[in-house]
Amino acid sequence: MTELLITGVRLVPGPGDAAGALASGTQDILIADGRYADPSQASADATRIDADGLLALPGLIDLHTHLREPGREDAETVESGTLAAARGGFAAVMAMANTDPVTDTAEAAEHIRALGRKHGSAQVYPIGAVSKGLAGQELAELGLMARSGVTMFSDDGHCVSDSRLMRRALEYVRAFGGVIAQHAQDPRLAGSDACCHEGEVSGRLGLPGWPSAAEATVIARDAELTKLTRSRLHVCHVSTAESVDVLRWAKKRAIDITAEVTPHHLLLTTALLEGYDPTFKVNPPLRPDEDVAAVREALADGTIDVVATDHAPHARHDKEHAFGDAAPGMVGLETALGVVIETMINTGALDWDGLVDRTSFGPGRIARLQDGLGLPPVLGAAANLTVIDPQRRTVVDRDSSASLSRNNPWHGLELPDPVMATVAGGEVTYSRL
Amino acid sequence: MADSTSPPGTADTSDPGPQRVVLDAEDISRALTRMAHQILETNRGAQGLVLAGIPRRGVPLAERLATAIEAAEGVRIPVGALDITMYRDDLRSHPTRPVGHTRMPAGVDDAVVVLVDDVLMSGRSVRAALDALGDLGRPRAVRLAVLVDRGHRQLPIRADHVGKNLPTSADERVLVRLEETDGSTEVVITKPAPESGSSPQEASL
Amino acid sequence: MRHLLSSADLEPDDVTAILDLAEEMADVQHRSIKKLPALRGRTVVNLFFEDSTRTRSSFEIAGKWLSADVINISAKGSSVSKGESLRDTVLTVAAMGVDALVIRHMTSGAPQQVTGWIDAHVVNAGDGTHEHPTQALLDAFTLRRHFGGDTGSFANRRIAIVGDITHSRVARSNVLLLKKLGALPVLVAPPTLMPSGVDSWDCEVSADLDAVLGGVDAVMMLRVQRERMSGGYFPTPREYTIGYGLTRDRLTALKPGTAICHPGPMNRGLEISADAADAANSLVLDQVTAGVAVRMSVLYQLLGGEDES
């Protein structure tokens with residue numbers, strides 16, 4: 001019997017009153033054989049971690065991670081990506097389907113899950129593709145993937161732009177309670193060359209514009225399709241004030257729609273593109289200040305339900321092209337919680353219960369995860385816990401990352417560096433205590 | 001370019017230190033008149049003569065020589081400006097130098113071109129001027145007229161017409177001032193304090 | 001001057017220095033021996049990721065007349081498709097011992113990115129839909145002569161830039177440069193060809209060429225690229241010409257002496273009529289001639305002095 005006793009930690013169990021949940025406040029937490037147990041029963045030889053002055057949060061869940069394996073193991077592997085996740089406080093990550101081969105069959109999904117079990121420092125849940133090969137033409141085998149445990153489907157990287165295909169996908173997953181996670185980007189308004197928020201900066205720098213309307217119009221259409229099909233929609237990486245308005249409108253009409261925002265859209269802005277550094281190229285692009293303010297406000301009031309990283313590692317040579325040719329995306333697992341604390345807690349926009357909801361409970365609800373994820377700690381349940389020091393800060397150094405990639409937009413920035421230990425599925429996956 | 005000459009376009013603003021006037025305006029005028037006569041004598045008249053001043057101070061000196069020649073001979077001979085910046089052999093040892101104005105009268109070919117400069121020292125600016133001239137045409141002969149020859153030659157170059165030979169030590173500076181470029185006309189020798197020895201004025205070219 | 005990436009990097013004094021020196025260089029163009037030794041031993045590489053015979057030739061002649069060794073490397077096509085990153089391509093070229101890289105790239109910002117990777121001087125010879133600063137300088141050179149000689153002659157001159165502003169690097173560089181010189185650029189285009197955020201460019205913007213034409217001192221007509229014609233930016237070439245072309249009829253609306261410029265190559269009959277292109281006050285060929293002198297001047301400013309450490 002292995003026992004871990006975390007002493008003197010202040011538990012933030014999250015909002016709501018779950019039956020049997022541990023109370024909030026300073027206490028000792030005992031994890032015995034991977035499950036929460038009564039700390040007064042701790043044996044004398046239990047491993048002790050002194051967490052005096054630290055906070056314990058229900059383990060973080062990332063709804064949107066690119067692990068790149070299989071296919072681009074030079075950029076990231078399940079092993080390296082989940083190590084980065086553990087260091088970022090994540091107990092579980094949802095692995096996006098745009099690998100090579102694409103996760104568009106039950107077998108491919110099972111392969112990801114097996115890689116996660118074998119090499120994972122976080123629990124790995126595969127996301128299935130909506131369409132075969134992400135081609136946006138025919139539905140992938142959604143039902144078979146669901147039977148193998150897939151709960152979320154996405155063509156992320158591509159928008160399911162065909163209205164009829166989107167309608168069918170939403171309809172079809174209703175049978176097994178799946179959710180479609182849409183990468184909202186009208187390809188006619190923001191084509192594959194679009195790489196800069198359409199506005200003053202794109203006009204001046206001569207970079208192809210990515211207008212807000214290309215995101216908001218797809219969300220509006222999909223909201224209507226979700227209502228029509230009585231299904232469930234999740235919107236990936238919401239980035240603009242216009243999209244927030246559409247989400248508010250849809251939620252007011254009781255459409256079952258949820259949304260995520262990335263850490264980079266909470267803090268970084270279009271102005272960073274001035275130097276044409278492809279590190280700051282991401283899709284959807286960084287937006288101006290007013291959009292950053294709008295997505296923060298929406299995350300605070302719940303219009304945007306969760307934070308998801310869109311951790312998108314790229315090999316160095318894929319970023320060393322001209323800005324327009326470079327691969328879009330940025331790493332974010334290790335810095336995500338720091339950015340959320342900086343932008344939402346340190347500004348007073350969210351309290352700690354709110355943060356737990358946006359980073360753990362919300363993702364768990366949307367993806368309908370089991371295994372004690374996204375829930376308050378309950379005696380007897382599998383332990384998923386993130387221990388943090390909210391005061392700790394550091395200057396981000398991309399070379400100290402566990403990710404194999406260095407496309408780190410946070411490099412050189414001073415941010416909260418809170419994560420002290422992570423427990424995922426009862427295992428200590430990361431600790432610097 | 002002679003050591004008295006600032007890089008083209010820059011004013012002579014450095015503190016010259018204690019100075020000794022070796023030629024005043026009258027002396028210079030007399031020297032130029034004599035040089036004008038020598039030039040005519042050597043050339044046996046004004047036939048085919050072209051004066052090419054090396055910016056900056058060589059250009060007004062060439063104009064003055066032309067005026068003196070006109071007074072003696074009653075003929076106005078053509079005067080040009082021959083910038084040598086891009087022909088210098090020390091371009092790489094300075095920040096990019098501003099380039100001066102080159103305007104040569106037509107017909108350098110088969111003319112007798114008299115290069116005019118204020119101070120002759122190392123001979124390097126004359127070497128540069130010969131190269132520059134060669135790119136413009138093929139003169140019948142090239143001669144050299146300088147107001148001051150202060151020695152310290154680094155190339156096998158000799159002036160044909162000299163206003164004044166001024167034996168100097170290497171650490172002295174010879175400053176030629178002309179009304180047209182400097183507001184007064186005189187030649188002075190200064191001996192700068194040792195710490196100012198690296199002034200840009202010291203360029204030996 | 002370390003690099004020339006954008007007109008925005010140039011102060012008015014820099015522009016005056018470049019144009020003044022270009023006047024000296026222009027004289028060299030008329031000599032029988034077109035050669036100056038200033039860049040002897042320097043190596044200039046024209047690294048062109050996009051074809052442009054005229055710009056490449058202009059830089060090549062400029063470098064050669066200054067005695068630099070000039071090498072042309074055509075790296076046409078996206079480096080992505082060839083599997084080599086831009087950084088690798090540029091490092092490979094720089095490793096040969098290059099003093100200046102003249103870069104043309106179809107993607108905005110590429111020359112600026114390159115400055116972070118190598119020590120050589122970088123000249124932007126046109127990047128995507130961003131800038132083409134030597135074109136703006138040669139336009140300024142040509143117009144300065146037309147207006148009367150000194151840089152001050154630009155003050156309050158109204159200069160219409162007409163056509164596809166959105167995709168024009170020439171327009172961007174010219175707006176920045178002309179404003180620095182005190183001129184008043186007026187941008188004229190249908191709204192589909194006007195860049196986003198143009199309101200913040202602090203210059204007059206119009207969709208009505210006829211309303212602008214009578215009050216300007218120069219018109220710069222921009223080339224309409226073939227791909228725009230099928231891109232839905234305007235209905236038909238015919239409609240474009242009627243709305244925004246410098247037609248024979250519009251010539252009569254110009255004040256006498258109004259300069260007509262075009263960066264070339266011209267689509268005669270589309271954005272500019274033959275009558276306009278060949279008019280007495282057309283400066284189109286002067287622009288081409290000015291290109292060599294201006295690029296000589298730029299190369300000398302970059303490479304004429306000591307190496308910066």
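The values are calculated or read from the model by the stated rules, or taken from the named source; none is laboratory data. Not measured: the values here are computed from a predicted model. Cβ coordinates were reconstructed from backbone atoms using ideal geometry, including for glycine residues, and neighbour counts include every protein chain displayed.
Quick notes on this one:
- Every residue from segment A:331-377 that is farther than 22 Å from A:Ile257 by Cβ, under 13 Å from the mean Cα position of the chain (by Cα) and among the charged types (D, E, K, R): A:Glu334
- Any hit, segment A:264-274, residues being touching a helix residue (DSSP H, G or I) at 6+ places or on another chain (Cβ under 8 Å), more than 14 Å from chain C (Cβ to nearest Cβ), β-branched (Val, Ile, Thr) and in contact (Cβ under 8 Å) with a residue 40 or more places away in the chain: no
- Condition check for C:Tyr244: touching a residue at least 60 places away in the same chain (Cβ under 8 Å), within 14 Å of chain B (Cβ to nearest Cβ) and either in contact with a Leu (Cβ under 6 Å, 6 or more places away or on another chain) or of a type in the set (Ser, Thr, Tyr) (or both): no
- Of the helices (runs of 4 or more DSSP H) entirely within segment A:198-258, those holding at least 1 residues that are more than 14 Å from every other protein chain (Cβ to nearest Cβ) occupy A:213-229, A:241-252.
- Residues that are in a strand (DSSP E or B), under 27 Å from C:Gln225 (Cβ atoms) and outside the structural domain of C:Phe48 (by TED's automatic domain parsing) do not occur anywhere in segment C:104-119.
- Restricting B:Gly123, B:Gly58 to those that are within 29 Å of C:Met296 (Cα to Cα) and touching a Lys or Arg at 6+ places or on another chain (Cβ under 6 Å) reduces the list to B:Gly123.
- Segment A:31-75: number of residues that are small (Gly, Ala, Ser) and in contact with a Gly (Cβ under 6 Å, 6 or more places away or on another chain): 2
- Only one of the numbered conditions (1) surrounded by 21 or more Cβ atoms within 10 Å (Cβ to Cβ); (2) over 18 Å from the mean Cα position of the chain (by Cα); (3) among the polar types (S, T, N, Q) is violated by A:Thr151, and that is (2).
- Positions within segment C:230-263 being outside any helix (DSSP H, G or I) and either touching a Pro at 6+ places or on another chain (Cβ under 6 Å) or crowded, with 19+ Cβ neighbours inside 10 Å (or both), in sequence order: C:Tyr233, C:Phe234, C:Gly245, C:Leu246, C:Leu254, C:Thr258, C:Ala259, C:Ile260, C:Cys261, C:His262, C:Pro263
- Candidate set: segment C:282-299, residues that are among the polar types (S, T, N, Q) and either touching a residue at least 40 places away in the same chain (Cβ under 8 Å) or facing chain B (nearest Cβ under 10 Å) (or both); chosen: the one surrounded by the most Cβ atoms within 10 Å (Cβ to Cβ): C:Ser297
- Selected residue (criterion: surrounded by the most Cβ atoms within 10 Å (Cβ to Cβ)) from residues of segment C:35-90 that are within 28 Å of A:Arg316 (Cβ to Cβ) and among the acidic types (Asp, Glu): C:Glu50
- Out of C:Ser230, C:Ser309, C:Ser297, sole residue that is outside the structural domain of C:Arg157 (by TED's automatic domain parsing) and either at positive phi or modelled with pLDDT under 95 (or both): C:Ser309
- Any chance C:Leu302 is facing chain B (nearest Cβ under 10 Å), aliphatic (A, V, I, L, M), surrounded by 16 or more Cβ atoms within 10 Å (Cβ to Cβ) and more than 16 Å from C:Arg54 (Cβ to Cβ): yes
- Test: residue in segment C:91-101 that is crowded, with 16+ Cβ neighbours inside 10 Å, in contact with a Ser or Thr (Cβ under 7 Å, 6 or more places away or on another chain), within 13 Å of chain A (Cβ to nearest Cβ) and not in a helix (DSSP H, G or I): no
- Within segment B:113-141, restricting attention to residues that are assigned to a strand (DSSP E or B) and crowded, with 19+ Cβ neighbours inside 10 Å, the residue that is nearest to the other protein chains (Cβ to nearest Cβ) is B:Val113.
- Scanning segment C:73-90 for residues that are within 8 Å of another protein chain (Cβ to nearest Cβ) and at pLDDT 90 or above turns up C:Ser85, C:Leu86, C:Arg87, C:Asp88.
- Test set (1) within 24 Å of C:Leu177 (Cα to Cα); (2) within 14 Å of chain B (Cβ to nearest Cβ) - C:Arg56 fails condition number: (2)
- Taking the listed residues B:Pro55, B:Pro60, the one that is more than 21 Å from B:Glu26 (Cα to Cα) and not in a strand (DSSP E or B) is B:Pro55, with no other qualifying.
- Within segment A:204-218, if we keep just the residues that are in contact (Cβ under 8 Å) with a residue 40 or more places away in the chain and within 26 Å of the chain's Cα centre (by Cα), the residue that is nearest to A:Tyr172 (Cα to Cα) turns out to be A:Val218.
- Complete set of residues in segment A:348-401 that are within 24 Å of A:Val331 (Cβ to Cβ) and in a loop (DSSP other than H, G, I, E, B): A:Leu350, A:Leu369, A:Leu373, A:Gly374, A:Asn384, A:Asp389, A:Pro390, A:Arg392, A:Val396, A:Asp397, A:Ser401
- Residues in segment A:175-197 that are buried (at least 21 other Cβ atoms within 10 Å of the Cβ) and within 14 Å of chain C (Cβ to nearest Cβ): A:Ala190, A:Ala194, A:Cys195, A:Cys196, A:His197.
- Scanning segment C:9-38 for residues that are assigned to a loop (DSSP other than H, G, I, E, B), out of contact with any Pro (no Cβ under 8 Å at 6 or more places or on another chain) and of a type in the set (A, V, I, L, M) yields C:Ile33, C:Leu36, C:Ala38.
- Residue list for segment A:22-64, filter: surrounded by 14 or more Cβ atoms within 10 Å (Cβ to Cβ), in a loop (DSSP other than H, G, I, E, B) and of a type in the set (A, V, I, L, M, F, W, C): A:Leu22, A:Ala42, A:Ala46, A:Ala51, A:Leu54
- Residue count for segment C:102-116, restricted to those that are buried (at least 24 other Cβ atoms within 10 Å of the Cβ) and either hydrophobic (A, V, I, L, M, F, W, C) or over 25 Å from A:Val201 (Cα atoms) (or both): 4
Quick grid of which residues meet (1) of a type outside the set (D, E, K, R); (2) touching an Asp or Glu at 6+ places or on another chain (Cβ under 7 Å); (3) not assigned by TED's automatic domain parsing to the domain that holds A:Met96:
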position	(1), (2), (3)
A:Thr335	yes, no, no
A:Gly338	yes, yes, no
A:Met344	yes, no, no
A:Val356	yes, no, no
A:Thr386	yes, no, yes
A:Pro390	yes, no, yes
A:Pro418	yes, yes, yes
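- Whenever a residue of segment C:46-64 is within 17 Å of C:Val298 (Cα to Cα), its partners that are of a type in the set (Asp, Glu), lying with C-beta atoms within less than 9 angstrom and at least six residues away or across chains, give the pairs C:Asn46/C:Glu60; C:Gly63/C:Asp69.
- Residue within segment B:82-104 that is in a strand (DSSP E or B) and either surrounded by fewer than 22 Cβ atoms within 10 Å (Cβ to Cβ) or within 13 Å of chain C (Cβ to nearest Cβ) (or both) present: yes
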